[in-house]
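Following: one structure in structure tokens, then a few remarks.
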Amino acid sequence: MILKFAGIKRQLEYSPNHIENDTLILNQTADNLRKFGIEIAIYHEDEIGKVEIKENIIISMAQGVDSSIKLKEIEDKGALIINSPRAVLNCHRVNMVQIMKNNNIPFPESIPFNVSSDTIPPFNCFNFRKVWLKRGDVHAVHREDVTLVYSESEKTSLLREFERRGIETAILQRHVDGDVIKFYAVGENDLFHWYYLNGINHTEFDLKKLKKLALSGAHALQLDIYGGDAVISPEGSITIIDMNDWPSFAPIRNKASETISQLILKKAENYENVKI
């Protein structure tokens with residue numbers, strides 16, 4: 001039996017500065033799967049809902065709200081989708097804030113709100129000299145989507161920009177001092193890679209704990225292929241500050257594409273009840 005998969009490329013606007021890398025990780029994963037005799041049809045995110053996706057196993061990098069909702073409908077009909085569109089929507093910041101809190105995962109105090117609301121939290125809501133203002137849905141598309149602000153006027157100006165661009169939700173998030181670490185992971189720590197994004201102190205920390213927190217976050221968000229950012233405090237404590245679905249894995253693309261394809265194969269075997 002020849003298995004037929006669908007692969008969905010991420011919409012370009014959701015790959016700022018990573019268009020080529022996002023394309024490469026999907027293409028390399030697809031090439032690895034083709035070595036097992038699997039046929040893979042590639043679709044673009046903006047085609048979802050416009051063309052019929054006949055394949056029942058879908059590997060998806062889609063991130064938009066509309067495409068995720070349409071993929072949820074396909075998933076509800078029995079398709080296997082990796083990452084699940086539910087996981088993708090869970091990664092939208094207004095949803096992630098509550099999910100991380102409910103699962104007791106160390107995460108900065110955050111206040112979600114509607115950009116057009118009359119009750120927007122003030123700049124000094126955390127009694128701190130600076131605060132992060134972040135769009136509440138997809139990850140950063142423009143530089144201003146994740147901004148460290150230092151005043152009420154700066155916050156107001158950025159929110160007006162959000163409104164002009166049609167961004168409906170945002171969060172204010174407490175700043176956490178320390179070294180910022182970026183990590184990439186697949187499955188149950190089948191692969192875990194990290195590096196300092198802007199490490200200054202290079203404070204020692206418990207790597208096993210970082211892996212455990214990242215995996216706990218992935219379970220809570222229902223992610224199989226994921227990445228994120230964490231802050232290591234001067235005392236060595238770890239705070240997860242962001243998680244995202246299927247990053248580019250640019251520093252380890254070859255290894256990641258192999259590991260991702262193996263994860264997909266395992267899930268496909270269970271789904272189809274066959275040995276590939």
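Since every read-out is calculated from the coordinates, none of them should be taken as a lab result. Since this is a predicted model, take the numbers as computed values, not measurements. Backbone-built Cβ (ideal geometry, glycine too); neighbour counts: all protein chains shown.
Any idea what the relative contact order of segment 109-174 is, in percent, if you count C-alpha pairs under 8 Å spaced at least 6 apart? Write down the numbers at each step before the final one.
Values: 101 pairs, mean separation 33.5, N = 66.
For segment 109-174, the relative contact order is 51 percent.
Given the rule -39500 (n - 2.57) for each run of at least 4 DSSP H residues, summed and divided by the residues of the chain, what is its mean residue ellipticity at 222 nm, to the nearest 500 deg cm²/dmol? Could you put the intermediate results ahead of the total?
Numbers: 7 runs with 92 residues, N = 276.
Calculated at 222 nm, the ellipticity per residue is -10500 deg cm²/dmol.
Quick check on the exposure proxy: order Thr156, Thr239, Thr259 from fewest to most C-beta atoms within 10 angstrom. Can you show the working numbers first?
On the way: Thr156 13, Thr239 17, Thr259 21.
Exposure proxy ranking, most exposed first: Thr156, Thr239, Thr259.
Please state, as a whole number in µm²/s, the translational diffusion coefficient that the Stokes-Einstein equation yields for segment 37-109 at 37 °C and 0.692 mPa s, with Rh defined as the Kirkwood radius across alpha carbon pairs.
Details: Rh = 13.6 Å.
The calculation lands on 242 µm²/s.
Cross-link partners among aspartates and glutamates for Lys77, C-alpha distance below 17 Å, same-chain residues fewer than 8 apart left out?
Glu52, Glu55, Glu272
Percent relative contact order of segment 179-245, based on C-alpha pairs within less than 8 angstrom and at least six residues apart? Intermediate results must be reported in sequence, preceding the final value.
On the way: 118 pairs, mean separation 24.7, N = 67.
Reported as a whole number, the value is 37 percent.
Pick from Ile57, Ile171, Ile200: which is most flexible by mean-square fluctuation in a GNM of the chain where alpha carbon atoms under 10 Å apart are linked?
Maximum among the listed residues: Ile200.
Computed over the Cα atoms of segment 179-245, what is the ratio Rg over Rh, Rh following Kirkwood?
Details: Rg = 11.1 Å, Rh = 11.7 Å.
Dividing the radius of gyration by the Kirkwood radius yields 0.95.
As an exercise, identify the chymotrypsin sites (Phe, Trp or Tyr not before Pro) in segment 11-115 lying in DSSP coil whose Cβ has no more than 15 other Cβ atoms within 10 Å. Numbers along the way, then the final one.
Values: sites: Tyr14, Phe36, Tyr43, Phe113; in loops: Phe36.
Passing sites in segment 11-115 are Phe36.
Looking at the P(r) of segment 215-276, how many percent of alpha-carbon pairs lie beyond 15 Å?
Working: 1203 of 1891 pairs.
Tail of the P(r) past 15 Å holds 64 percent of the pairs.
Given Lys9/Lys255; Lys211/Lys267; Lys4/Lys275; Lys9/Lys50; Lys35/Lys211; Lys35/Lys275, which pairs have Cα atoms separated by over 26 Å? Walk me through the numbers before you get to the answer.
Numbers: Lys9/Lys255 20 Å; Lys211/Lys267 22 Å; Lys4/Lys275 14 Å; Lys9/Lys50 15 Å; Lys35/Lys211 31 Å; Lys35/Lys275 15 Å.
From Lys9/Lys255; Lys211/Lys267; Lys4/Lys275; Lys9/Lys50; Lys35/Lys211; Lys35/Lys275, over 26 Å: Lys35/Lys211.
In which sequence would His139, His175, His219 go, from the one with the fewest C-beta neighbours within 10 Å to the one with the most? Could you put the intermediate results ahead of the total?
Working: His139 20, His175 15, His219 12.
Lowest to highest Cβ neighbour count: His219, His175, His139.
Given that compact globular proteins tend to follow 2.2 N^0.38 Å, what is the ratio of the alpha-carbon Rg of segment 109-174 to that value?
Details: Rg = 10.5 Å, N = 66, 2.2 N^0.38 = 10.8 Å.
Here the answer is 0.97, to two decimals.
Quick one: what Rg and Dmax do you get for the chain from the alpha carbons, in Å?
Over the chain's Cα set, Rg and Dmax evaluate to 19.2, 62 Å.
Count the DSSP beta bridges whose two residues both fall in the chain, then state the antiparallel fraction as a percent rounded to the nearest 5. Spell out each step's value before the answer.
Details: 35 of 49 bridges.
Here the antiparallel bridges make up roughly 70 percent for the chain.
Under the Kirkwood approximation for Rh and a Cα-based Rg, what ratio Rg/Rh is obtained for segment 1-88?
On the way: Rg = 12.5 Å, Rh = 13.1 Å.
Value, to two decimals: 0.95.
Whole-Hz Karplus ³J(HN,Hα) for segment 261-268, in order, using 6.51 cos²θ - 1.76 cosθ + 1.60 and θ = phi - 60°, x for Gly and Pro?
5, 5, 4, 4, 4, 4, 5, 5
Give the order of Ser261, Ser237, Ser68 when sorted by the count of other beta carbons within 10 angstrom, beginning with the fewest. List each step's numbers first, then the result.
Working: Ser261 22, Ser237 15, Ser68 27.
Going from least to most buried by this count: Ser237, Ser261, Ser68.
What relative contact order, as a whole-number percentage, does the chain give when Cα pairs under 8 Å and 6 or more residues apart are counted?
Numbers: 494 pairs, mean separation 55.7, N = 276.
Relative contact order here is 20 percent.
From the C-alpha coordinates alone, can you work out the Kirkwood hydrodynamic radius of segment 86-237, in Å? Don't skip to the answer; put the middle values down first.
Details: mean 1/r = 0.0610 Å⁻¹.
Taking the inverse mean of 1/r over all distinct Cα pairs, segment 86-237 comes out at 16.4 Å.
Given labels modelled 7 Å from the Cα in the Cβ direction, how far is it in nm from Lys255 to His44?
For Lys255 paired with His44, the spin-label model returns 3.4 nm.
Using DSSP loop states and a limit of at most 16 other Cβ atoms within 10 Å to flag trypsin sites (Lys or Arg not before Pro), what is the longest stretch of the chain containing no flagged site? Could you put the intermediate results ahead of the total?
Numbers: sites that count: Lys35, Lys50, Lys54, Lys77, Arg129, Lys130, Arg165, Lys275.
Counting at most 16 other Cβ atoms within 10 Å as exposed, the longest clean stretch of the chain is 166-274.
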